[in-house]
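Notes for the one structure printed next.
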Amino acid sequence: MNSNSDQQFLEFVVKALVDNPNDVKIARTVDEMGVLMTLEVNAADMGKVIGRSGNTAKAIRTLLRVVGMKNNSRVNLKINEPEGGVKPVEKASKTVDEAMADLKI
């Protein structure tokens, strides 16, 4: 197994999960801490890669560690938040009508 097998593995798994495989980008850097894989996907595919409660991302990280062990390297995965990512909107606690009713104007 060559040293880039972890990157090929990650690319194969992620492209199989997403709807926009052509938007999958993986950067691989190596330092004294080990291998860092930085993953970028289409904003619409973030949910598929992360999964419910982060379970899919956890599973991918676990599998990458196993691949890394085969190469005697420590592999970490960073998933980049896409530009203009959708943030959850906080819901107002009351509607305008409810707030106006409280004011009793």
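Values quoted throughout were computed directly from the atomic coordinates according to the rules given, and no laboratory measurement underlies them. These numbers come from a predicted model, not from an experiment. So basically every Cβ, Gly included, is an ideal-geometry build from the backbone, and we count neighbours across all protein chains shown.
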Taking only the alpha-carbon atoms of segment 5-82, the convex hull volume per residue, in cubic angstrom, is 81
For Arg28, placing the label point 7 angstrom along Cα-to-beta-carbon and taking segment 50-72, residues whose amide nitrogen sits under 17 Å are 61-72
Here the percent of antiparallel bridges among DSSP beta bridges lying wholly in segment 5-82, to the nearest 5, is 60
Here the relative contact order (percent) of segment 5-82, from C-alpha pairs under 8 Å and at least 6 apart, is 33
Taking every other residue with Cβ under 13 Å from the Cβ of Thr56 and scoring Lys and Arg +1, Asp and Glu -1, one gets +3
With DSSP loop assignment and no more than 16 other C-beta atoms within 10 Å, the trypsin sites (Lys or Arg not before Pro) in segment 52-84 are Arg74
In the neighbourhood of Asn4 defined by beta carbon distances under 14 Å, the net charge of the other residues (Lys, Arg +1; Asp, Glu -1) is 0
In order over segment 5-18: 3J(HN,Hα) from phi, Karplus 6.51/-1.76/1.60, θ = phi - 60°, whole Hz, x for each Gly or Pro, gives 5, 5, 5, 5, 4, 4, 4, 4, 5, 5, 4, 6, 8, 8
The answer for Leu77, listing residues at least 5 apart or on another chain whose modeled amide H is closer than 5 Å to its amide H, is Met37
Of all trypsin sites (Lys or Arg not before Pro) in segment 1-45, the ones in DSSP coil with at most 15 other Cβ atoms within 10 Å are none
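Find how much the distance from Asn20 to Leu36 grows on full extension, using 0.36 nm per residue of separation minus their present alpha carbon separation; answer in nm with one decimal.
Working: separation 16, 0.36 × 16 = 5.76 nm, distance 2.29 nm.
Taking Asn20 through Leu36 to full extension adds about 3.5 nm, to one decimal.
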In debye to the nearest 20, the charge dipole size for segment 5-82, taken about the Cα centre with +1 at each Lys and Arg Cβ and -1 at each Asp and Glu Cβ, equals 340
Per-residue Cβ contact counts at 10 Å, fewest first, order Thr38, Thr56 as Thr38, Thr56
